[in-house]
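Participant: One structure, pasted below without further comment.
The values are calculated or read from the model by the stated rules, or taken from the named source; none is laboratory data. As the structure is a computational prediction, the values presented were derived from the model and not from experiment. Positions of Cβ are backbone-derived with ideal geometry, glycine not excepted, and every protein chain shown enters the neighbour counts.
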């Protein structure tokens, strides 16, 4: 039987989950479909920066003003997802010294608070900053966990009646007359969902081609929005832009560090949890799912950013990844240079633009402005459905963020060492007591990130055997060892709820995903670390079975320079 709903949201990134939350809180019946796990697209492949807007103040003031407004809102409603690191725009001798004043004035015009620092004052905030730094501008940037934020939005949506269906890929869009009336979607079987209902809510059995009927379908697929629109016979000029990033094994900085110069590649370092993320590049691609990986981009990131933080030249990179920006260019503004495209959001009513009712697309924008984009979209949806309800997402705290400090004095009873307790509380917020307050022994399963067994089991209870979804919820396997020591321990907690075949497939998927990012950073110390992880899987766990590992692949450099 078809699934009927008022609104069908396609896309499980920040905007889609934010929209599902907004609509559900207004009393609208909403179902969200995501082809993979939540955050699998652009949201899960960003550098973790909560923009102050300073980056765009001189080139795109509209985006800058939106960023500073949402920066303040998210710091109120999503405290457990944000580390208020602050940010620096640092000017080096090769940079135009007048640009510091230009950037400061542009920030002031956009309402972004700034403080101009000398090079010495900047190094007090970031001790590893190059002694060559001549000046800096301090801005209210922050680090944000996109995985935690997206899941929190999804959970709040579910709490208010929404259905969230991951691993459900739209294969066709249904048109009747001059309107979109629904979609057909394949709920794929995988290690996280064999033989059971969808991960976050009750629904059809997975593996089926399910028909969904809705009054309004919203395309919130980001860089893939053009492809989804094409299923409805429409053209949507999305120009995906690929950006490369690399993850260091430790935090070389505790504040966001930007190069104070006009737009360019390799100009930002973002502290994130126990690591630092270096970014980024900007290259237009035709297909967001199909582009050549370029390990040389990782070298470039490290080489150029070492001019800002010299210790990066001797530091260890543990993995690299590529994200795709969902840039949208209206037909009247065509340009040959994708870096000139505004980062502003665009809400398109295809009934008004194309004569196809019941179909909306929300494209462009920034992760920082996802809530505002969702609010604007939900306003239009409610107008078309004649729903009289206002948005409260700027005031209502997300699950897990209410009063995270209230548990500080009671952490000893959970039997956790202080760093583990702190990280657990930062991830769980007001759910800390419910998750950790038990009688069972609760060791740290992932010691790099301080993830406890209770957190892993809590995530499995929600995500099933999808260990990559568990990783997103907890950060297990995302630390320095990249799962070499903890992946099997995490997978072990699938027993007894899941059988051996399911658990093995889930662990395979997790390890494959970890290796995908590591293989571009195989030099120096991390090559030795990768060989150790390979040996642990092969020699200790016999993970490769009859397929003898090719140990010679690591020869000739595993310990070179160490």
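Participant: When you scan the stretch 136-158, how many residues do you find that are buried (at least 22 other Cβ atoms within 10 Å of the Cβ) and touching a strand residue (DSSP E or B) at 6+ places or on another chain (Cβ under 6 Å)?
Facilitator: Looking only at that region, the number is 8.
Participant: Count, please, the residues in the stretch 227-266 that happen to be in contact with a helix residue (DSSP H, G or I) (Cβ under 8 Å, 6 or more places away or on another chain), without any contact (Cβ under 8 Å) to a residue 40 or more places away in the chain and closer than 16 Å to residue 306 by Cβ.
Facilitator: 2
Participant: A further question follows. Quick test of your reading of the structure: residue 90 fulfils all but one of (1) buried (at least 24 other Cβ atoms within 10 Å of the Cβ); (2) at pLDDT 95 or above; (3) touching a helix residue (DSSP H, G or I) at 6+ places or on another chain (Cβ under 7 Å); (4) not assigned by TED's automatic domain parsing to the domain that holds residue 254. Name the failing condition by number.
Facilitator: (4)
Participant: Hey, any hits in the stretch 359-381 for a residue that's more than 24 Å from residue 62 (Cα to Cα), at pLDDT 95 or above and part of a strand (DSSP E or B)?
Facilitator: Within the stretch 359-381 (the criterion being more than 24 Å from residue 62 (Cα to Cα), at pLDDT 95 or above and part of a strand (DSSP E or B)), the answer is yes, since at least one residue qualifies.
Participant: Go through the stretch 1-21 and give me each residue that's in contact with a helix residue (DSSP H, G or I) (Cβ under 8 Å, 6 or more places away or on another chain) and closer than 23 Å to residue 469 by Cα.
Facilitator: Passing the criteria: 9, 10, 11, 12, 13, 14, 15, 17, 18, 19, 20, 21.
Participant: Report, by residue number, each residue of the stretch 26-58 that is over 21 Å from residue 462 (Cα atoms) and not in a loop (DSSP other than H, G, I, E, B).
Facilitator: Hits for the stretch 26-58 are 45, 49, 50, 54, 55, 56.
Participant: Show me the strands (runs of 3 or more DSSP E) entirely contained within the stretch 248-316 in which 1 or more residues are within 29 Å of residue 226 (Cα to Cα) and modelled with pLDDT under 90.
Facilitator: It comes to 275-279.
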